[in-house]
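Derivation of every value follows stated rules applied to the coordinates shown; laboratory data play no part. On a predicted model such as this, the values are computed, not experimentally measured, just so you know. In this analysis, Cβ positions are derived from the backbone assuming ideal geometry, glycine residues included, and neighbour counts consider all displayed protein chains.
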Amino acid sequence: MASKTNTNKMSNGITILSKTVMTNHEVYTVLSKRDQFEGTHPMTEVESETLKYLKTSLPEGKGLSTQEQATLMEELSRFDLNSLEKLQFINLIPNALVDIYAIVNDCENRFSKEDAEEIVSILQKYRVDTVANEE
């Protein structure tokens, strides 16, 4: 099943992959821009705490770019993954087979071990720590 990534351009110029879910990076981008331009509406406590969490949890304060996310989704399109599984892959970029089995519902029945290992291999190309070690 080939999946198609929907992209939406918001009025503030931020590109979002889907209207129904947002990646951690997308949430970080939106809240960062909102924090910079507070104006008359200060951030709520939830927004502020979410931004604080994302600043500490995202590698170097950011996740995959929109282009990297789209490329990753294209590489994973030959696997029958649902949108929430893909979202978790983008947010977490797991690097071990056990992570794939934890994220993908009924993984052992849906994919062979070789398929799951190939998913790990694809995801490892997008890990910040792996990319940094190659440079």
Pop a pseudo-label 7 angstrom from the Cα along the beta-carbon direction at both S48 and N105 and give the gap in nm to one decimal.
3.7
Between K55 and K33, what is the label-point separation in nm under the 7 Å Cα-to-beta-carbon projection?
1.9
